[in-house]
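No value in this document is a laboratory result; all are computed from the given coordinates. Quick caveat: nothing in here was measured; it's all calculated off a predicted structure. Note that each Cβ is placed from the backbone with ideal geometry, even for glycine, and that neighbours are counted across all protein chains shown.
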Amino acid sequence: MRGRIVVDESVLRKNFLAVKKKVGKGKKTIAVLKADGYGHGGAVAARACRGSSYFAVASADEGEILSEEAEETRGKIFVLGETDGEEKARCVRLGIGFAVQSAEDAESAQREGRALGVPVGIHVALDTGMNRIGMKSEKEVYNAINIIKSCKNLRLLSVFSHLADVSDEGFCARQRRRFLSLSTPFSETFPSAFLHLSATGKLGAEDYAFDGARPGLALYGYGSEGVSPCLSVTGRVVRNSYLPAGESAGYGRRFVARRGTFVATLSLGYADGIPRSLSGGCVLLGGKRRRIVGNICMDSCFCLSDEGVRVGDEVVFLGSSGEQTLTAEDVALAAGTVPYEILTGWKRLPVVRLPGG
């Protein structure tokens with residue numbers, strides 16, 4: 001085996017319960033399971049987040065897979081992103097809710113529901129400053145309200161928006177005011193619809209609580225107090241070589257030994273999810289941090305080692321070895337990216353689930 005991903009479901013469950021407590025009693029928790037549960041396995045994450053009010057995904061494909069693999073999600077899934085006509089039809093057929101971002105979107109949802117003779121659950125997306133999706137003006141809001149009111153088989157479940165930068169309190173406050181302004185007409189017209197604005201970065205912040213929250217990264221152990229990482233990634237040593245001074249390792253001869261040194265070839269590369277920009281970062285080998293050297297290859301990479309390293313030794317790319325730990329935040333910092341990309345980027349590796357919770 002070249003490597004594996006290990007997910008500790010009991011830790012994920014503890015994270016969910018901690019997050020649910022922060023969201024607050026009587027408020028809805030919308031567990032974000034996009035990108036196969038942020039790389040942890042959508043069905044695994046769904047089981048660990050049982051009791052969530054809703055489960056959010058990025059596409060009709062993700063929603064269909066999740067509804068088939070995780071019984072606890074059925075009737076509770078909704079697609080956060082944009083959907084075209086074909087995707088809307090699939091969602092309606094499967095009983096999956098989805099976001100609408102215009103009056104035309106609502107009309108399209110109505111047509112799909114009418115064709116199948118079933119009610120359609122929709123979630124209205126508002127653009128309060130992210131400039132990604134959603135209704136941005138009062139005119140768009142009232143046009144959508146008129147359409148939804150006139151469509152008897154449409155059921156407005158929620159109204160939501162996305163915070164663009166939780167570190168900028170001033171901008172967050174402006175987004176909150178904008179959200180209130182645009183969502184109030186929906187609340188007055190459809191009082192059963194719930195409002196959600198906050199995600200991981202604002203969990204427990206009363207001003208942003210509204211009727212619920214959409215935790216994502218916090219479920220997987222990052223971005224919030226009281227949670228712990230629950231995913232590790234390991235590979236193995238496939239060769240340990242002594243390089244005399246002047247010898248190089250890898251494409252482009254990016255690493256050239258200044259003096260005699262041991263270099264280990266590791267079993268994972270960028271096609272497995274190791275960012276090429278991680279060269280210069282670290283892995284854990286034998287309970288020690290070892291610097292990644294040379295250009296990362298498609299199927300392998302290199303790290304500094306010593307004569308005690310053996311072929312077959314476990315290498316930790318994410319997780320713990322001895323007293324050392326590498327988190328997704330550590331790896332992201334070294335690679336110049338964000339933890340989200342690290343967690344969701346793993347490919348080709350079997351997933352081992354540690355049950356519990």
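Laid out as a table, the results:
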| item | result |
| --- | --- |
| Computed Kirkwood radius, in angstrom, where 1/r is averaged over Cα pairs of region 9-219 | 17.1 Å |
| The chain pair-distance distribution - Cα-Cα, 10 Å bins, rounded % | 5, 23, 27, 21, 14, 8, 3, 0 |
| Sites VAL338 and VAL256 - FRET efficiency at Förster radius 45 Å, r taken between beta-carbons, to 0.05 | 0.90 |
| Given charges at beta-carbon only (K, R positive; D, E negative), |dipole| of the chain in Debye | 460 debye |
| Full-extension gain in nm, ARG291 to ASN131, via 0.36 nm per residue minus C-alpha separation | 53.7 nm |
| Radius, Kirkwood style, for region 220-357 when every pair of distinct Cα atoms is counted (Å) | 15.4 Å |
| Theoretical FRET efficiency, 1/(1+(r/R0)^6), r = Cβ-Cβ of ALA115 and ARG178, R0 41 Å, to 0.05 | 0.70 |
| Most fluctuating residue given options ALA43, ALA99, ALA70, as computed from a GNM of the chain linking Cα atoms under 10 Å | ALA70 |
| Efficiency of FRET between SER241 and LEU354 - r from beta-carbon atoms, R0 30 angstrom, step 0.05 | 0.30 |
